[in-house]
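K.L.:
Please see the structure below; I have some questions.
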């Protein structure tokens, strides 16, 4: 199965990537900073981008059979804009 993992370098995502690979899935990890992704595997494709960018999402979701969203935020003291930064808002 082709699986896209959003938030692959976060506290949950970094556990999901090796588990999905161990199950035999072809994994695409969307990351902002590829140096933070420790996993290396022949069935792992790392894409650098931002999950809040619609053009990036259109590209990275194409051809996937499943999408796992493990997005979070690193600084809990700042307000989140993850669900409020939409075009035209």
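The values are calculated or read from the model by the stated rules, or taken from the named source; none is laboratory data. Treat the numbers as computed from the prediction; the structure is a model and nothing was measured. Positions of Cβ are backbone-derived with ideal geometry, glycine not excepted, and every protein chain shown enters the neighbour counts.
Each row is one residue, and each column tells you yes or no for (1) at negative phi; (2) free of Cβ contacts under 8 Å to residues at least 60 places away in the same chain.
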| position | (1), (2) |
| --- | --- |
| 5 | yes, no |
| 10 | yes, no |
| 13 | yes, yes |
| 24 | no, yes |
| 33 | yes, yes |
| 38 | yes, yes |
| 48 | yes, yes |
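K.L.:
Sticking with this one: Only one of (1) at negative phi; (2) exposed (fewer than 12 other Cβ atoms within 10 Å of the Cβ) is not met by residue 56, so which one is it?
P.N.:
(2)
K.L.:
Separate question: Yes or no: the stretch 5-12 includes at least one residue that is surrounded by fewer than 18 Cβ atoms within 10 Å (Cβ to Cβ) and outside any strand (DSSP E or B).
P.N.:
Yes, there is a match, as at least one residue in the stretch 5-12 is surrounded by fewer than 18 Cβ atoms within 10 Å (Cβ to Cβ) and outside any strand (DSSP E or B).
K.L.:
Which residues, taken from the stretch 27-62, are under 12 Å from the mean Cα position of the chain (by Cα) and part of a loop (DSSP other than H, G, I, E, B)?
P.N.:
32, 33, 37, 49, 50, 51, 52, listed by residue number.
K.L.:
Take the residues in the stretch 13-22 that are within 16 Å of residue 64 (Cα to Cα) and over 11 Å from the mean Cα position of the chain (by Cα); name whichever of them is surrounded by the fewest Cβ atoms within 10 Å (Cβ to Cβ).
P.N.:
Residue satisfying both the conditions and the ranking: 21.
K.L.:
Moving on. Any residue at all in the stretch 63-71 that is at pLDDT 95 or above and in a helix (DSSP H, G or I)?
P.N.:
No, the stretch 63-71 has no match at all.
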